[in-house]
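Following: one structure in structure tokens, then a few remarks.
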Amino acid sequence: MRLILLAAALAAAVPAAAETVALKCGEVFDSKSARLVGARTIVTSEGKISQVLPGRVSVPGAREVDLAGHTCMPGWIDLHVHMAMQSGPRSYEERFRLDDTDFALRAVGYSEKTLLAGFTTVRDLGGEVTLKLRDAINAGLVKGPRIYAAGKSIATTGGHADPTNGMNSELSFVVGTPGPTEGVVNGTDAARQAVRQRYKDGSDVIKITATGGVMSYAKSGDAPQFMDDEIRAIVETAKDYGYAVAAHAHGKEGMKRAIEGGVTSIEHGTYMDEEIFALMKKHGTWYVPTISAGRFVAEKAKVPGYLPEIVRVKAERIGAQIQDTFAKAYKAGVKIAFGTDMGVGPHGDNALEFGYMVESGMPAAEALQAATYRAAEVLGERDLGQLEPGFRADVVAVPGNPISDIALTSKVAFVMKDGVVYRKPSIE
Ligand SMILES: [Zn+2]
């Protein structure tokens, strides 16, 4: 009964996707050519873009949204988030005190913040709760971005994303040794089983932790954590199910094994060098930088008591490095798509990544392209990331020109997802 009431309240709060809406945009960003193309009227109906007309024109029968002085863009895509968590000084004890229900309820708030910040699509790279959050959003019960979810990340014993890291021996005994069902593999058979288990769980993408990571309760942030044959077994099995494989990696050797093993993207990529750039270009591997997370952990490493000491030393070393690596990767011509690792940093601040990318030498138009056209390529979706007839009606608008002032991406005035308006300028 309560759920029905909630659904009814949501339906009343947002106009139906079926309604024809005309967005009279002062300026439009074409994500394919990465340039502004002038004023356009974007007409949406049934959750899709039906027409894009030159100029700001009236469309008979359509509800008009006046976006004069605003730049309309395809809804932004963040390829690396964790919707079911947000790190804080108590994160390490909370995992022993809270239930999945607590994390799920928090995730409802994070979802709405993410959507209202202009991110109409996210790829969630780790968190079982997110599979259910995705379903609730799709059912219209929760306001949030469209989610492509990995479910549980796949790790090796003691690796980044082994859920039992940091437990005392008694608790470890009670919980038992995690296996492929829990996302921990050793050897090729277990690797295959773990991918098939993700399929059974309803995952949309496979995430592996090819090297150590910063936030896990473990010593190494960069040691390789999979053998070549294990990575190949994961990638081959993933292909059977049409899955892309996203590989978390900081250290060089782990990255090398992941790229040669055929993963779709390298996430973070902290210790990349010229040899890795060349390898990525050869294999067509994407780079998802997550500068936001690097900056966030480097900053928190300076706050006494915020991170456990074993994590703090890694945060200090690795965190500060990511932005420099991004600058070099861009210069080297590696394919880059947008991702923040929000959940490490606070949800809703995703757009700050645009500024960090520009600060490191990427032109603003290319940063916007990385979160639209390019990110849609990584997802393999043909109706996302562009403002063209037939594409999904995902539109975000900011006041002014974001190409001359990238900070405007943090001043989102209008958000539409699947033809439904979630945010609009106060003076319309
Ligand atoms: Zn992550």
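The values are calculated or read from the model by the stated rules, or taken from the named source; none is laboratory data. This is a predicted model, so every value here is computed, not measured. When we count neighbours, we look across all protein chains shown, and the Cβ atoms used for this are built from the backbone with ideal geometry, even at glycine. Accessible surface is based on the protein model in full, side chains and every heavy atom, while ligands, DNA and RNA are left aside. Shrake-Rupley method; radii C 1.70, N 1.55, O 1.52, S 1.80 Å.
For segment 253-271, a tally of residues being out of contact with any helix residue (DSSP H, G or I) (no Cβ under 8 Å at 6 or more places or on another chain) and either among the hydrophobic types (A, V, I, L, M, F, W, C) or within 16 Å of the ligand (Cβ to nearest atom) (or both) returns 2.
Assessment of segment 272-295 against the conditions (within 16 Å of the ligand (Cβ to nearest atom) and in contact with a Phe, Trp or Tyr (Cβ under 6 Å, 6 or more places away or on another chain)) yields at least one matching residue. May I ask you to verify whether V263 is of a type in the set (V, I, T) and buried (at least 24 other Cβ atoms within 10 Å of the Cβ)? For V263, the condition - of a type in the set (V, I, T) and buried (at least 24 other Cβ atoms within 10 Å of the Cβ) - is met. Scanning segment 365-378 for residues being among the hydrophobic types (A, V, I, L, M, F, W, C) and surrounded by fewer than 21 Cβ atoms within 10 Å (Cβ to Cβ) gives a total of 1.
Being away from the ligand (no atom under 16 Å from the Cβ), of a type outside the set (A, V, I, L, M, F, W, C), crowded, with 17+ Cβ neighbours inside 10 Å and not in a strand (DSSP E or B) holds for only one residue in G339, G385, and it is G385. In the set (1) under 27 Å from G88 (Cβ atoms); (2) surrounded by fewer than 20 Cβ atoms within 10 Å (Cβ to Cβ); (3) in contact with a Phe, Trp or Tyr (Cβ under 8 Å, 6 or more places away or on another chain), the condition left unmet by K252 is number (1). Restricting attention to segment 227-246 and to residues that are within 16 Å of the ligand (Cβ to nearest atom) and touching a Gly at 6+ places or on another chain (Cβ under 8 Å), the residue that is nearest to H160 (Cα to Cα) turns out to be V245. Screening V122 against (1) in contact with a helix residue (DSSP H, G or I) (Cβ under 7 Å, 6 or more places away or on another chain); (2) open to solvent by less than 70 Å² (accessible area, probe 1.4 Å); (3) within 16 Å of the ligand (Cβ to nearest atom); (4) in a loop (DSSP other than H, G, I, E, B) leaves a single unmet condition, (4).
Of all the listed residues (M167, M255), the sole one being part of a loop (DSSP other than H, G, I, E, B), among the aliphatic types (A, V, I, L, M) and either at negative phi or touching a residue at least 24 places away in the same chain (Cβ under 8 Å) (or both) is M167.
Yes/no matrix, rows are residues, columns are (1) open to solvent by less than 10 Å² (accessible area, probe 1.4 Å); (2) at pLDDT 95 or above; (3) in contact with a His (Cβ under 8 Å, 6 or more places away or on another chain):
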| position | (1), (2), (3) |
| --- | --- |
| G221 | yes, no, yes |
| R257 | no, yes, no |
| G284 | no, yes, no |
| I310 | no, no, no |
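Please determine whether any residue of segment 358-365 is modelled with pLDDT of 95 or more and within 16 Å of the ligand (Cβ to nearest atom). No, the conditions are met nowhere in segment 358-365.
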